[in-house]
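Engineer: Can you read through this structure? Questions will come right after.
Please treat every number below as a calculation from the coordinates, not as lab data. Remember, it's a predicted structure, so these values are computed and weren't measured experimentally. When we count neighbours, we look across all protein chains shown, and the Cβ atoms used for this are built from the backbone with ideal geometry, even at glycine.
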Amino acid sequence: MRLGMMLRPLGIGLVLLGAVQNPTESVAQILIAHRGASGERPEHTLAAYERAIDAGADFIEPDLVPTKDGVLVARHENEISGTTDVADHPEFASRRKTVTIDGETLTGWFTEDFTLAELRTLRARERLPQVRPANTRFDGLSQVPTFAEVLTLVRAKEAETGRRIGIYPELKHPAWFAAQGFDTAAMLLPMLDKAGY
């Protein structure tokens, strides 16, 4: 018998995983909410993570990038023009730039050029409005969450539900950030340790 993985996307941005030795056997399944319930809320917001947990997610998977002042925040990428209203903030217009990250040339605004306080002035929005138009009704309602806030939400939902909810963090572009002076793994590991993971 072969050991394999079955992946099936669910409508609210969850992925169903199950290790299968025999396709006819019943297996335990784990729901991992990558970006939260991104089919129902703008991705990487506390609202998206909470909705995913309420829908039964066993794990949430935040993508993490650092701010200028060394705070890990949840964003799909460090380029934030597609997931925030940064372009609507004239005070940040001069920070728009072009960089090459992991071989891809990108133009926009980048988390590592903003302090957490500056990011707090921005609001999250739907990254793919043409794919998830219903999510646009939530544009502007959420801030960019810190990883610490994500951990706090998970602990609160564990207390509320009586379930253990896992964290499956993804550090984005570690080589790029190392070259910028950020050791994102060294930032992440103490937080996970302190939270009991």
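Engineer: Compute the whole-percent fraction of alpha carbon pairs in the chain spaced more than 26 Å apart.
Structural biologist: Numbers: 6980 of 19306 pairs.
Looking at the chain, the distances longer than 26 Å represent 36 percent of pairs.
Engineer: Sticking with this one: Taking loop as defined by DSSP and a crowding limit of 10 other beta carbons within 10 Å, which trypsin sites (Lys or Arg not before Pro) in the stretch 111-197 fit?
Structural biologist: Hits after loop and neighbour filter: R164.
Engineer: To continue, here is another question. How big is the gap, in Å, between the Cα center of the stretch 72-100 and the Cα center of the stretch 120-153?
Structural biologist: 14
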